[in-house]
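The values are calculated or read from the model by the stated rules, or taken from the named source; none is laboratory data. Small disclaimer: the values here were computed from a predicted structure and weren't measured. Using ideal geometry, Cβ is built from the backbone for each residue, glycine included, and neighbour counts are taken over all protein chains shown. Note: areas computed on protein heavy atoms with side chains; ligands, DNA, RNA excluded. Shrake-Rupley method; radii C 1.70, N 1.55, O 1.52, S 1.80 Å.
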Amino acid sequence: MGKITGFLEFDRKVEAYAPVEERVKNYKEFTIPMPEKELKDQGARCMDCGIPFCHSGCPLGNLIPDFNDAVYRGKWEKAAHILHSTNNFPEFTGRLCPAPCEEACVLGINEDPVSIENIEKNIVETAFEKGWITAQTPAVRTGKKVAVVGSGPAGLAAAQQLNRAGHLVTVFERDEKPGGLLRYGIPDFKMEKHVIDRRLNVLEEEGITFKCGIHVGKDIRADELNNDFDAVVLSGGATIRRKLPIKGADLNGVVQAMDFLSQNNRRVDGVTNFKKEIKATDKDVIVIGGGDTGSDCIGTSFRHGAKSVSNFEIMPMATTERPENQPWPFWPMRLRTSSSHKEGAERFFSISTKRFLGDEKGNLKGLVTAEVEWIKVPGQRPQLKEIEGTEKEWKCELALLALGFTGSEMSIAEQLGLETDSRTNIKASENDYMTNVPGVFAAGDQRRGQSLIVWAISEGRQAAYHVDKYLMGESLLPLKGEGDLPRI
Ligand SMILES: Cc1cc2nc3c(=O)[nH]c(=O)nc-3n(C[C@H](O)[C@H](O)[C@H](O)COP(=O)(O)OP(=O)(O)OC[C@H]3O[C@@H](n4cnc5c(N)ncnc54)[C@H](O)[C@@H]3O)c2cc1C
Ligand code: SF4
(Lines give C-alpha, C1' and ligand atoms only; values in the text may rest on other atoms or scores of the structure.)
(Ligands and ions follow the chains in the order given, each with its own letter.)
Protein backbone atom coordinates (compact mmCIF):
# COMPACT_ATOMS: atom_id res chain seq x y z
CA MET A 1 0.00 0.00 0.00
CA GLY A 2 1.30 3.45 -0.82
CA LYS A 3 5.03 3.65 -1.49
CA ILE A 4 7.09 1.23 0.58
CA THR A 5 9.55 3.98 1.55
CA GLY A 6 6.98 6.81 1.47
CA PHE A 7 6.81 7.27 5.24
CA LEU A 8 10.61 7.66 5.30
CA GLU A 9 10.63 10.21 2.48
CA PHE A 10 7.68 12.49 3.25
CA ASP A 11 6.57 14.32 6.38
CA ARG A 12 2.90 14.56 7.27
CA LYS A 13 1.12 17.54 5.71
CA VAL A 14 -2.49 18.75 5.89
CA GLU A 15 -4.20 21.76 4.35
CA ALA A 16 -3.03 25.04 5.84
CA TYR A 17 -5.43 27.73 7.07
CA ALA A 18 -5.86 31.30 5.81
CA PRO A 19 -4.49 33.86 8.32
CA VAL A 20 -6.78 34.63 11.26
CA GLU A 21 -7.18 38.34 10.42
CA GLU A 22 -8.53 37.38 6.97
CA ARG A 23 -10.71 34.43 7.86
CA VAL A 24 -12.65 36.07 10.70
CA LYS A 25 -14.00 38.66 8.25
CA ASN A 26 -16.46 36.14 6.78
CA TYR A 27 -18.07 32.72 7.27
CA LYS A 28 -16.32 30.91 4.44
CA GLU A 29 -14.21 27.77 4.84
CA PHE A 30 -10.59 28.84 5.11
CA THR A 31 -8.45 25.81 4.26
CA ILE A 32 -5.91 26.26 1.47
CA PRO A 33 -6.03 23.43 -1.10
CA MET A 34 -2.91 21.28 -1.54
CA PRO A 35 -1.37 20.54 -4.94
CA GLU A 36 -2.01 17.04 -6.31
CA LYS A 37 1.67 16.07 -6.00
CA GLU A 38 1.58 16.73 -2.24
CA LEU A 39 -1.64 14.73 -1.83
CA LYS A 40 -0.09 11.78 -3.66
CA ASP A 41 2.97 12.00 -1.37
CA GLN A 42 0.64 11.89 1.62
CA GLY A 43 -1.05 8.77 0.22
CA ALA A 44 2.43 7.31 -0.27
CA ARG A 45 3.08 7.56 3.50
CA CYS A 46 0.62 4.68 4.09
CA MET A 47 3.14 1.94 4.77
CA ASP A 48 1.72 -1.55 4.16
CA CYS A 49 1.62 -2.15 7.90
CA GLY A 50 0.03 -5.59 7.59
CA ILE A 51 -2.87 -5.11 9.99
CA PRO A 52 -4.44 -1.73 9.26
CA PHE A 53 -5.70 -0.69 12.69
CA CYS A 54 -7.13 2.46 11.08
CA HIS A 55 -10.02 0.27 9.80
CA SER A 56 -11.16 -0.44 13.33
CA GLY A 57 -10.42 3.14 14.44
CA CYS A 58 -12.95 4.39 11.86
CA PRO A 59 -16.57 3.82 12.97
CA LEU A 60 -17.46 3.26 9.30
CA GLY A 61 -14.68 0.73 8.78
CA ASN A 62 -13.41 2.84 5.87
CA LEU A 63 -10.97 0.93 3.62
CA ILE A 64 -8.23 3.45 4.27
CA PRO A 65 -5.04 1.79 2.94
CA ASP A 66 -6.89 0.96 -0.29
CA PHE A 67 -7.88 4.56 -1.01
CA ASN A 68 -4.48 5.86 0.14
CA ASP A 69 -2.83 3.56 -2.38
CA ALA A 70 -5.17 4.66 -5.17
CA VAL A 71 -4.38 8.33 -4.41
CA TYR A 72 -0.64 7.64 -4.40
CA ARG A 73 -1.01 6.09 -7.86
CA GLY A 74 -3.17 8.99 -9.10
CA LYS A 75 -6.21 6.73 -9.54
CA TRP A 76 -8.70 9.22 -8.11
CA GLU A 77 -11.86 7.66 -9.54
CA LYS A 78 -10.94 4.28 -8.04
CA ALA A 79 -10.23 6.04 -4.73
CA ALA A 80 -13.69 7.64 -4.86
CA HIS A 81 -15.35 4.26 -5.45
CA ILE A 82 -13.50 2.69 -2.52
CA LEU A 83 -14.34 5.61 -0.24
CA HIS A 84 -18.05 5.69 -1.11
CA SER A 85 -18.34 1.95 -0.69
CA THR A 86 -18.29 2.44 3.11
CA ASN A 87 -19.17 6.13 3.56
CA ASN A 88 -22.16 7.90 2.01
CA PHE A 89 -20.90 11.40 2.81
CA PRO A 90 -17.09 11.68 2.92
CA GLU A 91 -17.38 15.42 2.23
CA PHE A 92 -18.86 15.76 5.77
CA THR A 93 -16.38 13.49 7.55
CA GLY A 94 -13.44 14.73 5.44
CA ARG A 95 -14.07 18.20 6.89
CA LEU A 96 -15.48 17.53 10.35
CA CYS A 97 -14.41 14.15 11.65
CA PRO A 98 -12.03 14.17 14.64
CA ALA A 99 -10.37 11.28 12.79
CA PRO A 100 -10.14 8.45 15.33
CA CYS A 101 -8.58 6.49 12.42
CA GLU A 102 -5.48 8.69 12.63
CA GLU A 103 -5.11 7.92 16.35
CA ALA A 104 -5.15 4.21 15.38
CA CYS A 105 -2.72 4.56 12.43
CA VAL A 106 0.29 2.24 12.86
CA LEU A 107 2.66 4.95 11.61
CA GLY A 108 1.30 7.10 14.46
CA ILE A 109 2.98 4.86 17.06
CA ASN A 110 6.27 6.69 16.66
CA GLU A 111 5.72 9.17 13.78
CA ASP A 112 2.99 11.55 12.66
CA PRO A 113 0.07 9.46 11.35
CA VAL A 114 -1.07 9.42 7.73
CA SER A 115 -3.29 12.45 7.02
CA ILE A 116 -6.29 10.24 6.31
CA GLU A 117 -9.05 12.82 6.82
CA ASN A 118 -7.46 15.34 4.48
CA ILE A 119 -6.97 12.67 1.80
CA GLU A 120 -10.62 11.67 2.22
CA LYS A 121 -11.82 15.24 1.67
CA ASN A 122 -9.69 15.63 -1.44
CA ILE A 123 -10.91 12.35 -2.95
CA VAL A 124 -14.56 13.33 -2.64
CA GLU A 125 -13.97 16.91 -3.80
CA THR A 126 -12.14 15.60 -6.87
CA ALA A 127 -15.02 13.19 -7.52
CA PHE A 128 -17.61 15.99 -7.40
CA GLU A 129 -15.43 18.25 -9.56
CA LYS A 130 -14.98 15.55 -12.20
CA GLY A 131 -18.69 14.69 -12.21
CA TRP A 132 -18.19 11.12 -10.98
CA ILE A 133 -20.84 11.44 -8.26
CA THR A 134 -24.16 10.89 -9.94
CA ALA A 135 -27.58 9.65 -8.80
CA GLN A 136 -27.72 5.86 -8.34
CA THR A 137 -31.39 5.07 -8.85
CA PRO A 138 -32.43 1.52 -7.98
CA ALA A 139 -33.14 -0.76 -10.94
CA VAL A 140 -36.22 -2.24 -9.20
CA ARG A 141 -38.63 -0.79 -6.62
CA THR A 142 -39.83 -3.11 -3.86
CA GLY A 143 -43.11 -1.26 -3.25
CA LYS A 144 -42.25 -0.93 0.46
CA LYS A 145 -42.48 2.51 2.08
CA VAL A 146 -40.06 3.71 4.75
CA ALA A 147 -40.35 6.90 6.83
CA VAL A 148 -37.16 8.44 8.18
CA VAL A 149 -37.69 10.99 10.98
CA GLY A 150 -34.87 13.54 11.09
CA SER A 151 -32.49 14.59 8.31
CA GLY A 152 -29.14 14.73 10.11
CA PRO A 153 -26.29 12.51 8.92
CA ALA A 154 -27.92 9.38 10.44
CA GLY A 155 -31.26 9.95 8.70
CA LEU A 156 -29.62 10.87 5.39
CA ALA A 157 -27.38 7.79 5.40
CA ALA A 158 -30.29 5.49 6.28
CA ALA A 159 -32.43 7.11 3.58
CA GLN A 160 -29.80 6.73 0.84
CA GLN A 161 -29.08 3.09 1.68
CA LEU A 162 -32.78 2.16 1.87
CA ASN A 163 -33.56 3.96 -1.37
CA ARG A 164 -30.71 2.09 -3.06
CA ALA A 165 -32.27 -1.15 -1.81
CA GLY A 166 -35.37 -0.16 -3.80
CA HIS A 167 -37.68 1.10 -1.04
CA LEU A 168 -39.65 4.34 -1.33
CA VAL A 169 -38.17 6.63 1.30
CA THR A 170 -39.72 9.79 2.75
CA VAL A 171 -37.62 11.90 5.13
CA PHE A 172 -39.59 14.04 7.63
CA GLU A 173 -37.76 17.06 9.03
CA ARG A 174 -39.18 19.74 11.32
CA ASP A 175 -36.64 22.39 10.33
CA GLU A 176 -37.13 24.38 7.14
CA LYS A 177 -34.24 22.64 5.35
CA PRO A 178 -32.65 19.17 5.72
CA GLY A 179 -29.24 18.52 7.30
CA GLY A 180 -29.78 18.44 11.08
CA LEU A 181 -26.80 19.72 13.06
CA LEU A 182 -24.74 19.80 9.85
CA ARG A 183 -26.89 22.76 8.78
CA TYR A 184 -28.14 24.43 11.98
CA GLY A 185 -25.40 23.54 14.47
CA ILE A 186 -22.07 23.54 12.65
CA PRO A 187 -21.03 26.96 11.30
CA ASP A 188 -20.30 27.65 7.63
CA PHE A 189 -16.65 28.35 8.35
CA LYS A 190 -16.28 24.64 9.19
CA MET A 191 -18.50 23.45 6.32
CA GLU A 192 -20.30 25.74 3.87
CA LYS A 193 -23.92 24.79 3.35
CA HIS A 194 -23.62 24.31 -0.41
CA VAL A 195 -21.68 21.15 0.47
CA ILE A 196 -24.87 19.74 2.07
CA ASP A 197 -27.10 21.02 -0.76
CA ARG A 198 -24.87 19.43 -3.41
CA ARG A 199 -25.36 16.01 -1.79
CA LEU A 200 -29.06 16.55 -1.13
CA ASN A 201 -29.57 17.18 -4.87
CA VAL A 202 -28.12 13.72 -5.57
CA LEU A 203 -30.36 12.12 -2.93
CA GLU A 204 -33.45 13.81 -4.39
CA GLU A 205 -32.50 12.75 -7.89
CA GLU A 206 -32.16 9.19 -6.61
CA GLY A 207 -35.84 9.37 -5.62
CA ILE A 208 -35.85 10.25 -1.91
CA THR A 209 -38.70 12.57 -0.86
CA PHE A 210 -37.99 15.28 1.72
CA LYS A 211 -40.88 16.75 3.72
CA CYS A 212 -39.54 19.71 5.71
CA GLY A 213 -41.38 21.81 8.28
CA ILE A 214 -43.15 18.70 9.63
CA HIS A 215 -42.68 17.93 13.31
CA VAL A 216 -43.45 14.26 13.84
CA GLY A 217 -45.25 13.88 17.15
CA LYS A 218 -46.96 17.28 16.71
CA ASP A 219 -47.94 17.82 13.07
CA ILE A 220 -48.36 14.07 12.47
CA ARG A 221 -48.73 11.58 15.27
CA ALA A 222 -45.91 9.04 15.34
CA ASP A 223 -48.36 6.12 15.57
CA GLU A 224 -50.15 7.36 12.43
CA LEU A 225 -46.82 7.52 10.62
CA ASN A 226 -46.09 3.99 11.75
CA ASN A 227 -49.44 2.82 10.34
CA ASP A 228 -48.86 4.57 7.00
CA PHE A 229 -45.36 3.16 6.38
CA ASP A 230 -43.92 -0.35 6.32
CA ALA A 231 -41.01 0.70 8.54
CA VAL A 232 -39.92 3.82 10.42
CA VAL A 233 -36.35 4.95 11.23
CA LEU A 234 -36.08 7.42 14.11
CA SER A 235 -33.02 9.63 13.74
CA GLY A 236 -34.11 12.81 15.50
CA GLY A 237 -30.82 13.42 17.33
CA ALA A 238 -30.10 14.15 21.00
CA THR A 239 -31.66 17.56 21.25
CA ILE A 240 -32.21 18.17 24.98
CA ARG A 241 -29.66 20.77 26.03
CA ARG A 242 -27.95 20.59 29.40
CA LYS A 243 -28.82 23.59 31.57
CA LEU A 244 -26.80 25.50 34.16
CA PRO A 245 -29.29 26.03 36.99
CA ILE A 246 -27.42 28.70 38.96
CA LYS A 247 -28.41 32.17 40.16
CA GLY A 248 -28.89 34.62 37.28
CA ALA A 249 -29.33 31.94 34.59
CA ASP A 250 -32.45 33.77 33.35
CA LEU A 251 -30.66 37.09 32.77
CA ASN A 252 -30.74 38.65 29.33
CA GLY A 253 -27.38 37.63 27.85
CA VAL A 254 -27.21 34.08 29.22
CA VAL A 255 -27.88 32.08 26.06
CA GLN A 256 -27.89 28.42 25.06
CA ALA A 257 -25.13 27.80 22.48
CA MET A 258 -27.53 26.14 20.05
CA ASP A 259 -29.80 29.23 20.04
CA PHE A 260 -26.77 31.35 19.17
CA LEU A 261 -25.39 28.96 16.53
CA SER A 262 -28.67 28.06 14.83
CA GLN A 263 -29.63 31.73 14.56
CA ASN A 264 -26.27 32.58 13.04
CA ASN A 265 -26.48 29.71 10.55
CA ARG A 266 -29.89 31.02 9.46
CA ARG A 267 -28.50 34.58 9.28
CA VAL A 268 -25.67 33.42 7.00
CA ASP A 269 -28.35 31.70 4.90
CA GLY A 270 -30.13 35.06 4.45
CA VAL A 271 -32.81 34.88 7.16
CA THR A 272 -33.41 38.26 8.84
CA ASN A 273 -36.70 38.13 10.77
CA PHE A 274 -35.51 37.00 14.20
CA LYS A 275 -37.69 37.76 17.22
CA LYS A 276 -34.54 38.70 19.09
CA GLU A 277 -31.04 39.11 17.63
CA ILE A 278 -28.28 37.29 19.53
CA LYS A 279 -24.98 38.96 18.64
CA ALA A 280 -21.53 38.95 20.23
CA THR A 281 -20.51 42.23 18.58
CA ASP A 282 -18.45 44.49 20.90
CA LYS A 283 -19.13 42.21 23.87
CA ASP A 284 -16.92 40.37 26.30
CA VAL A 285 -18.06 36.82 25.63
CA ILE A 286 -17.61 33.81 27.90
CA VAL A 287 -18.24 30.40 26.38
CA ILE A 288 -18.93 27.81 29.08
CA GLY A 289 -18.03 24.33 27.83
CA GLY A 290 -14.90 23.18 26.06
CA GLY A 291 -16.22 20.79 23.36
CA ASP A 292 -17.04 21.16 19.65
CA THR A 293 -20.10 23.30 20.35
CA GLY A 294 -18.09 25.66 22.54
CA SER A 295 -15.41 25.90 19.87
CA ASP A 296 -18.03 26.80 17.24
CA CYS A 297 -19.38 29.54 19.53
CA ILE A 298 -15.86 30.96 19.81
CA GLY A 299 -15.32 31.14 16.04
CA THR A 300 -18.78 32.63 15.51
CA SER A 301 -18.23 35.26 18.25
CA PHE A 302 -14.98 36.38 16.61
CA ARG A 303 -16.78 36.72 13.28
CA HIS A 304 -19.44 38.88 14.99
CA GLY A 305 -16.64 41.16 16.22
CA ALA A 306 -16.60 40.26 19.94
CA LYS A 307 -14.37 42.42 22.16
CA SER A 308 -12.93 39.32 23.86
CA VAL A 309 -13.74 35.60 24.00
CA SER A 310 -12.90 33.37 26.97
CA ASN A 311 -13.60 29.66 27.18
CA PHE A 312 -14.25 27.82 30.47
CA GLU A 313 -13.83 24.08 30.93
CA ILE A 314 -14.65 22.39 34.22
CA MET A 315 -12.23 19.49 33.55
CA PRO A 316 -8.48 19.89 34.14
CA MET A 317 -6.29 20.73 31.15
CA ALA A 318 -5.34 17.49 29.39
CA THR A 319 -1.83 16.90 28.07
CA THR A 320 -1.07 17.19 24.36
CA GLU A 321 0.62 13.78 24.58
CA ARG A 322 -1.28 10.48 24.63
CA PRO A 323 -1.96 9.62 28.32
CA GLU A 324 -0.31 6.40 29.50
CA ASN A 325 -3.62 4.77 30.44
CA GLN A 326 -5.03 5.32 26.90
CA PRO A 327 -2.49 3.47 24.75
CA TRP A 328 -2.42 3.24 20.96
CA PRO A 329 -4.63 2.38 19.04
CA PHE A 330 -7.38 3.72 21.34
CA TRP A 331 -8.84 7.22 21.17
CA PRO A 332 -6.89 9.32 23.70
CA MET A 333 -8.38 12.15 25.77
CA ARG A 334 -5.73 14.73 25.00
CA LEU A 335 -5.81 18.51 24.69
CA ARG A 336 -7.30 19.48 21.35
CA THR A 337 -6.92 22.99 20.02
CA SER A 338 -9.35 23.88 17.25
CA SER A 339 -8.90 26.50 14.54
CA SER A 340 -11.43 28.64 16.47
CA HIS A 341 -9.39 28.45 19.67
CA LYS A 342 -6.43 29.69 17.62
CA GLU A 343 -8.39 32.77 16.56
CA GLY A 344 -7.63 34.37 19.92
CA ALA A 345 -9.74 32.74 22.65
CA GLU A 346 -8.29 32.49 26.14
CA ARG A 347 -8.91 29.07 27.65
CA PHE A 348 -9.37 28.34 31.36
CA PHE A 349 -9.53 24.84 32.85
CA SER A 350 -10.70 23.42 36.20
CA ILE A 351 -13.09 26.34 36.53
CA SER A 352 -16.72 26.29 37.60
CA THR A 353 -19.29 29.07 37.10
CA LYS A 354 -21.10 29.80 40.41
CA ARG A 355 -23.51 32.63 39.55
CA PHE A 356 -24.32 35.19 36.89
CA LEU A 357 -24.47 38.90 37.74
CA GLY A 358 -27.03 41.29 36.25
CA ASP A 359 -27.65 45.03 36.17
CA GLU A 360 -30.86 46.72 37.29
CA LYS A 361 -32.43 46.12 33.84
CA GLY A 362 -31.91 42.35 34.00
CA ASN A 363 -28.98 42.35 31.57
CA LEU A 364 -25.94 40.16 32.17
CA LYS A 365 -22.90 42.14 33.24
CA GLY A 366 -20.62 39.47 34.63
CA LEU A 367 -20.24 36.15 36.36
CA VAL A 368 -18.46 34.60 39.33
CA THR A 369 -16.30 31.48 39.14
CA ALA A 370 -14.28 29.29 41.46
CA GLU A 371 -11.38 26.98 40.72
CA VAL A 372 -12.13 23.30 41.25
CA GLU A 373 -10.24 20.07 41.66
CA TRP A 374 -11.31 16.52 40.92
CA ILE A 375 -10.80 14.14 43.86
CA LYS A 376 -10.23 10.50 42.95
CA VAL A 377 -12.27 8.10 45.11
CA PRO A 378 -11.46 4.40 44.58
CA GLY A 379 -14.36 2.57 42.92
CA GLN A 380 -16.33 5.78 42.30
CA ARG A 381 -16.45 8.59 39.77
CA PRO A 382 -14.04 11.45 40.59
CA GLN A 383 -15.70 14.06 42.81
CA LEU A 384 -15.67 17.80 42.17
CA LYS A 385 -14.38 20.00 44.98
CA GLU A 386 -14.24 23.79 45.00
CA ILE A 387 -10.89 25.25 46.07
CA GLU A 388 -11.49 27.72 48.88
CA GLY A 389 -10.54 31.34 48.33
CA THR A 390 -10.47 31.12 44.52
CA GLU A 391 -13.70 33.01 43.73
CA LYS A 392 -13.25 35.47 40.90
CA GLU A 393 -15.53 37.98 39.17
CA TRP A 394 -15.47 38.30 35.38
CA LYS A 395 -16.98 40.98 33.17
CA CYS A 396 -19.15 39.65 30.35
CA GLU A 397 -22.27 40.69 28.47
CA LEU A 398 -22.81 37.38 26.67
CA ALA A 399 -22.44 33.93 28.27
CA LEU A 400 -22.90 31.00 25.91
CA LEU A 401 -23.84 27.68 27.49
CA ALA A 402 -22.19 24.89 25.50
CA LEU A 403 -22.71 22.12 28.04
CA GLY A 404 -23.76 19.28 25.77
CA PHE A 405 -27.02 17.40 25.35
CA THR A 406 -28.62 15.09 27.88
CA GLY A 407 -30.76 12.91 25.59
CA SER A 408 -33.56 12.81 23.06
CA GLU A 409 -37.07 14.26 23.22
CA MET A 410 -39.77 11.91 24.49
CA SER A 411 -42.91 12.74 22.44
CA ILE A 412 -42.37 10.14 19.69
CA ALA A 413 -41.33 7.50 22.22
CA GLU A 414 -44.49 8.18 24.24
CA GLN A 415 -46.80 8.04 21.22
CA LEU A 416 -45.31 4.74 20.06
CA GLY A 417 -44.75 3.18 23.49
CA LEU A 418 -40.98 2.91 22.95
CA GLU A 419 -38.56 1.91 25.67
CA THR A 420 -35.87 4.46 26.46
CA ASP A 421 -32.78 4.39 28.66
CA SER A 422 -32.14 6.55 31.72
CA ARG A 423 -30.92 9.40 29.46
CA THR A 424 -34.07 9.21 27.25
CA ASN A 425 -32.15 7.70 24.32
CA ILE A 426 -34.36 5.30 22.40
CA LYS A 427 -33.50 1.69 23.22
CA ALA A 428 -32.53 -0.32 20.15
CA SER A 429 -29.79 -2.90 20.22
CA GLU A 430 -26.73 -2.74 17.95
CA ASN A 431 -27.70 -6.25 16.83
CA ASP A 432 -30.64 -5.03 14.76
CA TYR A 433 -31.32 -1.33 15.59
CA MET A 434 -35.00 -2.24 16.15
CA THR A 435 -36.91 -0.81 19.11
CA ASN A 436 -39.38 -2.80 21.20
CA VAL A 437 -42.02 -1.96 18.55
CA PRO A 438 -41.57 -4.19 15.46
CA GLY A 439 -40.79 -2.16 12.33
CA VAL A 440 -39.62 0.91 14.28
CA PHE A 441 -35.84 1.42 14.24
CA ALA A 442 -33.54 4.04 15.78
CA ALA A 443 -30.14 5.36 14.71
CA GLY A 444 -27.63 8.12 15.41
CA ASP A 445 -27.64 10.45 18.40
CA GLN A 446 -31.26 9.57 19.20
CA ARG A 447 -30.13 6.00 19.89
CA ARG A 448 -26.52 6.33 21.11
CA GLY A 449 -26.71 9.80 22.71
CA GLN A 450 -24.68 12.86 21.73
CA SER A 451 -21.87 11.66 19.47
CA LEU A 452 -20.17 12.31 16.13
CA ILE A 453 -21.08 12.64 12.47
CA VAL A 454 -19.08 9.56 11.55
CA TRP A 455 -21.03 7.51 14.10
CA ALA A 456 -24.33 8.91 12.83
CA ILE A 457 -23.52 7.86 9.25
CA SER A 458 -22.34 4.47 10.48
CA GLU A 459 -25.54 3.92 12.49
CA GLY A 460 -27.73 5.07 9.58
CA ARG A 461 -26.08 2.52 7.32
CA GLN A 462 -26.29 -0.30 9.87
CA ALA A 463 -29.94 0.47 10.64
CA ALA A 464 -30.74 0.51 6.91
CA TYR A 465 -29.37 -3.01 6.52
CA HIS A 466 -31.62 -4.25 9.33
CA VAL A 467 -34.70 -2.39 8.02
CA ASP A 468 -34.11 -3.94 4.59
CA LYS A 469 -33.74 -7.39 6.14
CA TYR A 470 -36.92 -6.86 8.20
CA LEU A 471 -38.87 -5.87 5.07
CA MET A 472 -37.42 -8.40 2.61
CA GLY A 473 -36.20 -11.30 4.74
CA GLU A 474 -32.59 -10.69 3.62
CA SER A 475 -30.44 -7.72 2.62
CA LEU A 476 -27.66 -7.14 0.13
CA LEU A 477 -26.78 -3.77 1.66
CA PRO A 478 -23.23 -3.70 3.04
CA LEU A 479 -22.62 -3.83 6.77
CA LYS A 480 -19.83 -1.89 8.51
CA GLY A 481 -16.52 -2.17 6.70
CA GLU A 482 -17.97 -4.34 3.92
CA GLY A 483 -17.12 -2.43 0.78
CA ASP A 484 -19.68 -2.38 -1.98
CA LEU A 485 -17.30 -1.29 -4.68
CA PRO A 486 -19.41 -0.33 -7.69
CA ARG A 487 -21.29 2.43 -5.91
CA ILE A 488 -20.34 6.11 -5.53
C1 LIG B 1 -22.49 22.81 17.48
C2 LIG B 1 -22.12 21.39 17.19
C3 LIG B 1 -20.94 21.13 16.50
C4 LIG B 1 -20.58 19.82 16.22
N5 LIG B 1 -19.43 19.61 15.53
C6 LIG B 1 -19.09 18.34 15.20
C7 LIG B 1 -17.91 18.08 14.46
O8 LIG B 1 -17.14 19.00 14.12
N9 LIG B 1 -17.62 16.80 14.12
C10 LIG B 1 -18.43 15.77 14.48
O11 LIG B 1 -18.15 14.63 14.12
N12 LIG B 1 -19.56 15.98 15.20
C13 LIG B 1 -19.91 17.23 15.55
N14 LIG B 1 -21.04 17.45 16.29
C15 LIG B 1 -21.92 16.30 16.61
C16 LIG B 1 -22.74 15.91 15.36
O17 LIG B 1 -23.25 17.06 14.73
C18 LIG B 1 -23.87 14.97 15.74
O19 LIG B 1 -23.33 13.86 16.42
C20 LIG B 1 -24.62 14.46 14.49
O21 LIG B 1 -25.13 15.54 13.74
C22 LIG B 1 -25.76 13.53 14.91
O23 LIG B 1 -26.47 13.18 13.77
P24 LIG B 1 -27.98 12.69 13.84
O25 LIG B 1 -28.40 12.47 12.43
O26 LIG B 1 -28.10 11.57 14.80
O27 LIG B 1 -28.81 13.89 14.48
P28 LIG B 1 -28.93 15.45 14.15
O29 LIG B 1 -27.82 15.94 13.29
O30 LIG B 1 -29.14 16.11 15.46
O31 LIG B 1 -30.26 15.53 13.27
C32 LIG B 1 -31.51 15.26 13.84
C33 LIG B 1 -32.59 15.92 12.99
O34 LIG B 1 -33.85 15.43 13.38
C35 LIG B 1 -34.78 16.48 13.37
N36 LIG B 1 -35.88 16.12 14.27
C37 LIG B 1 -35.81 15.86 15.60
N38 LIG B 1 -37.02 15.51 16.08
C39 LIG B 1 -37.87 15.55 15.04
C40 LIG B 1 -39.25 15.32 14.90
N41 LIG B 1 -39.98 14.93 15.94
N42 LIG B 1 -39.82 15.46 13.68
C43 LIG B 1 -39.07 15.83 12.60
N44 LIG B 1 -37.76 16.09 12.68
C45 LIG B 1 -37.15 15.93 13.87
C46 LIG B 1 -33.98 17.66 13.87
O47 LIG B 1 -34.57 18.89 13.49
C48 LIG B 1 -32.65 17.42 13.15
O49 LIG B 1 -32.65 18.03 11.87
C50 LIG B 1 -21.41 18.75 16.62
C51 LIG B 1 -22.59 19.01 17.33
C52 LIG B 1 -22.93 20.31 17.62
C53 LIG B 1 -24.18 20.59 18.38
S1 SF4 C 1 -14.62 8.94 8.57
FE2 SF4 C 1 -13.36 9.81 10.21
S3 SF4 C 1 -12.50 7.99 11.25
FE4 SF4 C 1 -13.29 7.29 9.27
S5 SF4 C 1 -11.52 7.41 7.84
FE6 SF4 C 1 -12.62 9.35 7.67
S7 SF4 C 1 -11.60 10.73 9.10
FE8 SF4 C 1 -11.02 8.62 9.65
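Where the only charges are on Cβ atoms (+1 Lys, Arg; -1 Asp, Glu), what is the dipole of the chain about its Cα centre, to the nearest 20 debye? Mind dumping the intermediate values first?
On the way: 63 positive and 70 negative charges, 132 e Å.
Using only the charged Cβ atoms, the result is roughly 640 debye.
As a check on your grasp of the helix formula, calculate [θ] at 222 nm for the chain: sum -39500 (n - 2.57) over DSSP H runs of n ≥ 4, divide by the residue count, round to the nearest 500. Provide the component values of the computation, followed by the final result.
Values: 18 runs with 157 residues, N = 488.
Result for the chain: -9000 deg cm²/dmol, rounded to the nearest 500.
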Diffusion constant of the range 343-409 at 20 °C, which comes from Stokes-Einstein with the Kirkwood Cα-pair radius and 1.002 mPa s, µm²/s: 148
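Out of the GluC sites (Glu not before Pro) in the range 317-395, which ones are loop residues according to DSSP with at most 10 other C-beta atoms within 10 Å? Display every interim value, and only then the final one.
Details: sites: Glu321, Glu324, Glu343, Glu346, Glu360, Glu371, Glu373, Glu386, Glu388, Glu391, Glu393; in loops: Glu321, Glu324, Glu360, Glu388, Glu391.
Sites meeting the loop and neighbour criteria: Glu321, Glu324, Glu360, Glu388.
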Alpha carbon convex hull of the range 166-248, volume per residue in cubic angstrom: 139
Where the Cα pairs of the range 277-426 fall when distances are cut into 10 Å bins, in %: 10, 29, 31, 22, 8, 0
For Val148, distant residues with modelled amide H under 5 Å away: Thr170, Val171, Phe172, Val233
Relative contact order of the range 371-425, defined on C-alpha pairs under 8 angstrom at six or more residues apart (%): 23
Rg/Rh (Cα only; Kirkwood hydrodynamic radius) as it applies to the range 29-76: 1.03
Where only C-alpha atoms are counted, convex hull volume of the range 115-172 per residue in Å³: 93
Phi to ³J(HN,Hα) by Karplus 6.51 cos²θ - 1.76 cosθ + 1.60 over the range 23-32, Hz, x for Gly, Pro: 6, 6, 7, 8, 9, 7, 4, 10, 7, 9
Equivalent-ellipsoid semi-axes of the chain, from the Cα gyration tensor, Å, largest first: 36, 30, 22
The range 378-394 - phi-based ³J(HN,Hα) in whole Hz, Karplus 6.51/-1.76/1.60, Gly and Pro as x: x, x, 10, 5, x, 9, 7, 9, 6, 8, 4, x, 10, 4, 8, 9, 10
Per-q log10 I(q)/I(0), the range 53-152, q = 0.10, 0.19, 0.24 Å⁻¹ (Debye; single scatterer per alpha-carbon; no solvent): -0.33, -0.94, -1.27
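At a 1.4 Å probe radius, which order do Leu476, Leu182 fall into by accessible area, largest first? Intermediate results must be reported in sequence, preceding the final value.
Values: Leu476 160, Leu182 0 Å².
Putting Leu476, Leu182 in descending order of accessible area: Leu476, Leu182.
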Built amide H within the under 5 Å cut-off of Gln256, gap 5+: Leu401
Distance histogram in 10 Å bins (all Cα pairs of the range 368-488, percent per bin): 11, 27, 23, 19, 13, 6, 1
Relative contact order %, the chain, counting alpha carbon pairs below 8 Å whose residues are six or more apart: 18
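Rg/Rh for the range 208-329 to two decimals, with Rh computed the Kirkwood way over all alpha-carbon pairs.
1.08
Please identify every one of the trypsin sites (Lys or Arg not before Pro) in the range 210-251 that sits in a loop by DSSP and has no more than 16 other beta carbons within 10 Å of its own beta carbon.
Values: sites: Lys211, Lys218, Arg221, Arg241, Arg242, Lys243, Lys247; in loops: Lys218, Arg221, Arg242, Lys243.
Qualifying residues, ordered by number: Lys218, Arg221, Arg242, Lys243.
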J(HN,Hα) series, the range 279-287, from Karplus relation 6.51 cos²θ - 1.76 cosθ + 1.60, nearest Hz, glycine and proline x: 10, 9, 3, 6, 10, 7, 10, 10, 9
Kirkwood hydrodynamic radius of the range 1-65, from inverse mean 1/r over distinct Cα pairs, in Å: 14.1
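Write down the percent of antiparallel bridges among all DSSP beta bridges whose residues are both part of the chain, to the nearest 5.
On the way: 21 of 55 bridges.
Percent antiparallel among DSSP bridges in the chain is about 40.
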